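Below is one structure, written out as C-alpha cells; the observations come after it.
The values are calculated or read from the model by the stated rules, or taken from the named source; none is laboratory data. Keep in mind that what you see is a predicted model, and the values were worked out from it rather than measured. Every residue, glycine among them, receives a Cβ derived from its backbone with ideal geometry; neighbour counts consider all protein chains shown. Calculation scope for accessible area: heavy atoms of the full protein, side chains included, ligands and nucleic acids excluded. Shrake-Rupley method; radii C 1.70, N 1.55, O 1.52, S 1.80 Å.
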Amino acid sequence: MRISQLSEKTGVSPRSIRHYEKKKLLTATRLDNDYREFDESAVERIRTIQIYLGLGLTTDEIEQVLNCKDNYPQAEIDEYCGEMLEAYEKKLAEINRQMNTLAVVQQRLEKQIGQMKEKRVRQDSMCYSAVTSDMGE
C-alpha cells in the first residue's frame, strides 16, 4: 500500500510515516516510480509506535524496543528482553522525577492561591466595612 493509504488506515500523517521510516522504525520498499510501498504489517507497526510514543518514549528508545521485539521469538518477548526492560526503567525513573517536580509546583500553587484568596477576602471585607460605615454617617 502507498503512504497515503497507510496514513488513512492508521490516522498517522504521511509526514510522520516518513519520519518513522527515516528513524528506521518502519521499512518500505521503493517502486520503480520511487513511491514507497508498505505491506500490511506496517499498520500494526505504526500502532505499536503510537503506543510507545503515548508512553513517552522517544523514537530512539522505540527503535531499541522494536529491535528487541524483532530479534526474539514471540514466546520469549514477554519473558525477558533486556533492552525493553532498560528503556522502560529509564522512562519510569524520568516520569517519577517529573511527578515529584510537578507535586512541588502543585503545592506552591495551592499555597499561593490560598494566600491570594485570603487577601481578597480581607480586602472585600474592608471594602464592605468602609461602604457600610459611609452609609451610616
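Among the residues making up segment 36-60, those that are touching a residue at least 40 places away in the same chain (Cβ under 8 Å) and within 21 Å of ALA87 (Cα to Cα) are ILE46, GLN50, THR59.
Just a yes or no: is a residue in segment 18-30 part of a loop (DSSP other than H, G, I, E, B), under 23 Å from the mean Cα position of the chain (by Cα), on the phi > 0 side of the Ramachandran plot and at pLDDT 95 or above?
Start the filter on segment 18-30 by keeping residues that are part of a loop (DSSP other than H, G, I, E, B), which leaves 23-28.
Remaining after also requiring under 23 Å from the mean Cα position of the chain (by Cα): 23-26.
With on the phi > 0 side of the Ramachandran plot added as a condition, the list becomes 24.
This time we only want the ones that are at pLDDT 95 or above, so: none.
No: zero hits.
Being surrounded by 15 or more Cβ atoms within 10 Å (Cβ to Cβ), aromatic (Phe, Trp, Tyr) and at pLDDT below 65 is the filter here, so list the residues in segment 55-93 that pass it. TYR72, the sole residue that qualifies.
Return the pair list, or none, for Cβ contacts closer than 8 Å from residues in segment 6-35 that are within 16 Å of ARG47 (Cα to Cα) to residues that are open to solvent by 60 Å² or more (accessible area, probe 1.4 Å) and in a loop (DSSP other than H, G, I, E, B), at least 6 apart or on different chains. Cβ pairs passing all conditions: GLU21/THR27.
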